[in-house]
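> One structure coming up, written as structure tokens, with questions to follow.
The values are calculated or read from the model by the stated rules, or taken from the named source; none is laboratory data. What you see is a predicted model; the values in this text were computed from it and never measured. With ideal geometry, Cβ positions are generated from the backbone for all residues, glycine too; neighbour counts draw on all protein chains shown. Surface accessibility is based on the protein's heavy atoms, side chains included, excluding ligands, DNA and RNA. Shrake-Rupley method; radii C 1.70, N 1.55, O 1.52, S 1.80 Å.
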Amino acid sequence: AAALRVPVLLDRTCLLLEPIAAQRNIRIARRYDADLPAVIGDFDLLHRALSNLISNAIKYSPEGTVVTLAAQADGAGVSISVIDQGYGIPPDDLVRAALKAAGLHRLNVSLDTLNPATFQKISRRDGLDRVLSGIFAAQRAGFRKIRLNAVAIRDLHEGDIVPLDRFARQHGLE
């Protein structure tokens, strides 16, 4: 990470995305001063994150509107905002975008049983429904590689392994 000039980062990102915005008759407005302080960071990583935010703003804004890229000095750093007139990113797309931007491409979920009572006994808490909801939300968010980690415990839930395997196969889980 090195010192980088924020206006250069913002200008380059706008220049890259303005042709895409123009295809939807969307204008990118710039609201920042050229004398913003330098910050320490990875230019490419920040450029990629900012491009993703502005691309989503363009994608989810009505045609003929404005997407504004604003920045201002904020203490020792700089605060950057992307302001649009869209309805927001659908929750599943937001989750997928955030997790994939963080580098997450596959999920491992510990799940030893589909029986709520056995789940509570093993994990010492309720919540089987939340685990299953999380798996389905991850699938809706676009994750295709979801692995279930299960351990068979003798005399506790050996009979739960076959239903768990059937569940995994029915729902495309590893």
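> Can you tell me which residue among Leu10, Leu16 is free of Cβ contacts under 8 Å to residues at least 60 places away in the same chain, within 24 Å of the chain's Cα centre (by Cα) and assigned to a helix (DSSP H, G or I)?
Exactly one of Leu10, Leu16 is free of Cβ contacts under 8 Å to residues at least 60 places away in the same chain, within 24 Å of the chain's Cα centre (by Cα) and assigned to a helix (DSSP H, G or I), namely Leu16.
> Has region 89-97 got any residue that is of a type outside the set (A, V, I, L, M, F, W, C) and at pLDDT 80 or above?
Checked against the condition, which is being of a type outside the set (A, V, I, L, M, F, W, C) and at pLDDT 80 or above, region 89-97 yields no hits at all.
To keep it simple, each residue is scored yes or no on (1) outside any helix (DSSP H, G or I); (2) in contact with an Asp or Glu (Cβ under 9 Å, 6 or more places away or on another chain); (3) open to solvent by 70 Å² or more (accessible area, probe 1.4 Å); (4) small (Gly, Ala, Ser).
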site: Phe143; (1), (2), (3), (4): yes, no, no, no
site: Asp155; (1), (2), (3), (4): yes, no, yes, no
site: Asp160; (1), (2), (3), (4): no, yes, no, no
site: Ala168; (1), (2), (3), (4): no, yes, no, yes
site: Glu174; (1), (2), (3), (4): yes, no, yes, no
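> Residues of region 72-88 being part of a loop (DSSP other than H, G, I, E, B), modelled with pLDDT of 65 or more and open to solvent by less than 90 Å² (accessible area, probe 1.4 Å), which ones?
Matches in region 72-88: Gly75, Asp84, Gly86.
> Restricting to region 28-67, name every residue that is modelled with pLDDT of 90 or more, crowded, with 18+ Cβ neighbours inside 10 Å and either of a type in the set (S, T, N, Q) or closer than 12 Å to Ser81 by Cβ (or both).
If the condition is that a residue be modelled with pLDDT of 90 or more, crowded, with 18+ Cβ neighbours inside 10 Å and either of a type in the set (S, T, N, Q) or closer than 12 Å to Ser81 by Cβ (or both), then Tyr32, Leu50, Ile54, Ser55, Val67 are the ones that fit.
> Of the conditions (1) among the small types (Gly, Ala, Ser); (2) part of a helix (DSSP H, G or I); (3) at pLDDT below 80, Ala117 clears all except one; give me its number.
Status for Ala117: all satisfied but (3).
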